[in-house]
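Novice: If you scroll down you'll find the structure; I have some questions about it.
The numbers here are math on the coordinates, done by the rules we state, and not lab data. These numbers were taken from a predicted model, which means no experiment stands behind them. Note: ideal-geometry Cβ built from the backbone for every residue, glycine included; neighbour counts use all protein chains shown.
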Amino acid sequence: MKRHLIAGNWKMNLRRESGIALARAIAQHPSPKADIAVCPPFAYLESVASALRGSSVALGAQNASQFDDGAFTGEVSCQMLMELGCRYVILGHSERRTVMGETDEIVNAKVLKALAAGLRPIVCVGEHLADRESGKTFDVVRRQFERSLAGLSPDQMRQTVIAYEPIWAIGTGKVATPPQAQEIHADLRKQVENRYNSAIAQQSILLYGGSVKPDNAVALMGQTDIDGALVGGASLAAAAFLAIVDACP
Ligand code: PEP
């Protein structure tokens, strides 16, 4: 059976010491059923990498540049993230799409750079509340899949994780019901199958994100096409995050 992946997106939270303490608590927790990744702010990647050393918990970043080295003030390249020991990088998170103006084309350029550097991208897609209320959820998510993941070879698709994160459910406490999430995940898997083949579709890791908490994790993680979670708020406390890890079937 494919192992679930639970990834914590710390966003711009915690401080060095609290991040190290959280990483240590997660690293000490046995996790026979799920793979775990933590994605701290850039500033703490190195400290958290040291705290995780010797454990099976993977390190991820929350963003990366679509450029290689050069005159790009404030940017961090995928090669730099590799050097810091990252295995994953979250790309196209809705906060970057809506607050920083990242388009599908920019996200796609970042995904291709990440894969070329040897990182596994966690690519976020998801609709606004207005899209859902006007019946456009499938169209919006399919378009983001098409454009953000354009030009990936079959091998690159195998390395790529997709996170379905309905924007109305992020940080709001409103969670998609398990059937609502499942139907989008099933459709995403179908998109992967249509573009590649059923073996790649079955191997693909599709995460759900949006107010995942210990009390809703069992029902969400039990859905056929949900292979794990991208967790924001609940990833900042070891007990809540590890309860989500333990909720995996
Ligand atoms: C996220 O930001 O990726 C997220 C899912 O946040 P939360 O769990 O807080 O809704």
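Novice: Starting from the Cα of residue 129, move 7 Å in the Cα-to-Cβ direction to define the label point; list residues of the stretch 87-102 whose amide nitrogen is under 18 Å from there.
Specialist: 94-95, 98-99
Novice: Using θ = phi - 60° and the Karplus curve 6.51 cos²θ - 1.76 cosθ + 1.60, what whole-Hz ³J(HN,Hα) does each residue of the stretch 90-105 get, with Gly and Pro shown as x?
Specialist: So the J values, rounded to whole Hz, are 6, 10, x, 4, 4, 5, 6, 5, 8, 7, 9, x, 6, 8, 4, 5.
Novice: Can you compute the helix-only [θ] at 222 nm over the chain? Use -39500 (n - 2.57) per DSSP H run of at least 4 residues, normalise by all residues, nearest 500 deg cm²/dmol.
Specialist: That comes out to -12500 deg cm²/dmol.
Novice: Kindly provide the pair-distance distribution of the stretch 133-249 built from C-alpha pairs, with 5 Å bins from 0 and whole-percent values in order of increasing distance.
Specialist: Histogramming the stretch 133-249 at 5 Å steps yields 2, 12, 22, 24, 18, 13, 8, 2 percent.
Novice: In nanometres, what is the gap between the two model label sites at residue 47 and residue 198, each 7 Å from Cα along Cα-to-Cβ?
Specialist: It is 5.0 nm.
Novice: I need the shape label for the chain. Rule: rounded when a/c is under 1.5, else prolate if a/b > b/c, else oblate, with a, b, c from the alpha carbon gyration tensor.
Specialist: Taking the square roots of the gyration eigenvalues as a ≥ b ≥ c, the chain is rounded.
Novice: What residues have an amide H closer than 5 Å to that of residue 229, excluding those fewer than 5 places away on the same chain, when H is modeled at 1.01 Å from N in the peptide plane?
Specialist: Here 5, 6, 7, 208 satisfy the definition.
Novice: Dipole magnitude of the stretch 157-249 about its Cα centre, charges +1 at Lys/Arg Cβ and -1 at Asp/Glu Cβ only, in debye to the nearest 20?
Specialist: That gives a dipole near 160 debye.
Novice: Right, another one. Within 10 Å of each residue's Cβ, count the other Cβ atoms and sort 73, 137, 172 from fewest upward.
Specialist: Least crowded to most crowded, the residues run 73, 172, 137.
Novice: Among 39, 241, 117, pick out the residue whose Cα is farthest towards the positive end of the charge dipole of the chain, where Lys and Arg carry +1 and Asp and Glu carry -1 on C-beta, about the Cα centre.
Specialist: 241
Novice: Continuing with the same structure: From the backbone phi of the stretch 223-235, what are the Karplus-calculated ³J(HN,Hα) couplings (6.51 cos²θ - 1.76 cosθ + 1.60, θ = phi - 60°) in whole Hz, Gly and Pro given as x?
Specialist: Computed from phi, the couplings for the stretch 223-235 are 6, 3, 9, 9, 9, x, 9, 9, 10, x, x, 6, 8 Hz.
Novice: Under a straight-distance cross-link criterion of Cα-Cα below 19 Å, which aspartates and glutamates are reachable from residue 136, leaving out those fewer than 8 residues away in the same chain?
Specialist: 104, 127, 146, 165, 183, 187
Novice: Long-range amide H contacts for residue 90: which residues qualify at under 5 Å (H placed 1.01 Å from N, peptide plane, sequence gap of 5 or more or a different chain)?
Specialist: Counting only residues 5 or more places away or on other chains, the set is 61, 62, 63, 122.
Novice: Would you kindly derive the ³J(HN,Hα) couplings of the stretch 147-163 from the backbone phi angles with the Karplus curve 6.51 cos²θ - 1.76 cosθ + 1.60 (θ = phi - 60°), listing them in order in whole Hz, with x for Gly and Pro?
Specialist: Each residue's phi maps through the Karplus curve to give 7, 6, 10, 5, x, 7, 6, x, 5, 5, 5, 4, 7, 9, 9, 10, 10 Hz.
Novice: Taking the number of other C-beta atoms within 10 Å as the exposure measure, put 244, 26, 205 in order starting with the fewest.
Specialist: By the 10 Å Cβ count, ascending: 205, 26, 244.
Novice: Near the amide H of residue 212, under 5 Å away, which other amide H atoms are found, from residues 5 or more places off or on another chain, if H is placed in the peptide plane?
Specialist: The list, which skips near neighbours in sequence, is 232.
Novice: Which lysines, if any, have their Cα less than 18 Å from the Cα of residue 213, not counting same-chain residues under 8 positions apart?
Specialist: By straight Cα distance, residue 213 reaches 11, 33, 174.
Novice: Here is a follow-up. Once you have the Cα-Cα distance between residue 68 and residue 29, take 0.36 nm times their residue separation minus that, and quote the gain in nm to one decimal.
Specialist: So the extension gain works out to 10.4 nm.
Novice: Just to confirm a number: summing +1 for Lys and Arg and -1 for Asp and Glu over residues other than residue 246 whose beta-carbon lies under 15 angstrom from that of residue 246, what do you get?
Specialist: Net charge in that neighbourhood comes out at +1.
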